[in-house]
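Below: one structure, written as structure tokens.
Values in this text are rule-based calculations from the coordinates and carry no lab data. Computed from a predicted structure; not experimentally measured. When we count neighbours, we look across all protein chains shown, and the Cβ atoms used for this are built from the backbone with ideal geometry, even at glycine.
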Amino acid sequence: MLREFLEADHADLQSSFAYPDVRLWNPQLASDRDVAEFVTARNDWSEGTHASWVVAQAGAAGRLVGYVSLHHIDAANVNAEIGYWTAPWARDRGYAVLSVRAAVTFAFETVGLVRVQLLHAVENEGSCRVALAAGFVIEGTSRQSYRFGDGLLHDEHLHSRLRSD
Ligand SMILES: CC(C)(COP(=O)(O)OP(=O)(O)OC[C@H]1O[C@@H](n2cnc3c(N)ncnc32)[C@H](O)[C@@H]1OP(=O)(O)O)[C@@H](O)C(=O)NCCC(=O)NCCS
């Protein structure tokens with residue numbers, strides 16, 4: 001299920017942020033920022049620029065297994081970007097694909113967007129597999145477009161899904 005962030009998630013968030021591949025591929029999340037501040041910001045959707053969830057096992061006290069966020073929501077151009085990670089203890093069980101699909105359904109059916117785009121470093125094969133399995137086509141490669149957690153600029157694949165796909 002996708003749900004809001006709870007205080008009980010703090011330790012799982014901290015250990016996920018510290019995990020090497022999350023630090024590498026999601027550097028904007030995996031800094032040494034305060035987890036409580038992150039949780040407050042992610043639960044506050046009031047500006048309409050993002051919608052972010054904990055991906056959790058089903059049930060009232062389901063443990064965090066990942067994160068998914070629609071960000072850079074652009075109301076004028078009815079589009080957004082999507083980002084995600086799966087906690088190291090929950091990999092390879094389909095959580096990333098399921099949660100990306102659910103967030104995209106929300107984007108199209110609840111927010112009314114027409115396009116969601118997704119960018120990942122070309123070397124991040126796992127993320128490319130998630131994108132393709134969630135129905136995002138590759139539009140091309142953005143060259144040296146993002147500084148990842150190793151401090152280097154990487155080429156990224158640009159994927160998208162349209163409401164009309
Ligand atoms: C990439 C990541 C999100 C995958 O999460 P996950 O929940 O394990 O992915 P899923 O179980 O939904 O797997 C989806 C598909 O990707 C494949 N896959 C997952 N990780 C992979 C990897 N490291 N290398 C190759 N394929 C991989 C799975 O085998 C599956 O393939 P299938 O569709 O043929 O069955 C996770 O490894 C992660 O959080 N990595 C670090 C942070 C990151 O890369 N975030 C994305 C930034 S754009």
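Only one residue of H120, T40, Q57 has its Cα farthest out toward the positive end of the dipole of the stretch 2-162, where Lys and Arg carry +1 and Asp and Glu -1 on Cβ, and that residue is Q57. When peptides 47-54, 151-158 are sorted by average Cβ neighbour count within 10 Å, with the highest value leading, the order is 47-54, 151-158. Remark: the chain carries a charge dipole of roughly 420 debye about the Cα centre, counting +1 on each Lys and Arg Cβ and -1 on each Asp and Glu Cβ.
Semi-axis lengths, largest first, of the ellipsoid equivalent to the stretch 2-162 are 22, 20, 16 Å, with √(5λ) applied to each eigenvalue of the Cα gyration tensor. Using θ = phi - 60° in the Karplus curve 6.51 cos²θ - 1.76 cosθ + 1.60, the 3J(HN,Hα) couplings for the stretch 65-76 round to 10, x, 8, 9, 8, 8, 10, 6, 5, 10, 5, 5 Hz; x is entered for Gly and Pro.
Under the criterion of Cα pairs below 8 Å and six or more residues apart, the relative contact order for the chain equals 18 percent.
Springs between Cα atoms under 10 Å define the GNM used for the chain, and in it the highest mean-square fluctuation of A60, A102, A41 occurs at A60. If you average the alpha carbon positions of the stretch 136-155 and of the stretch 1-62, how far apart do those two centres end up, in angstrom? With the stretch 136-155 and the stretch 1-62 each reduced to a Cα centre, they are spaced 23 Å.
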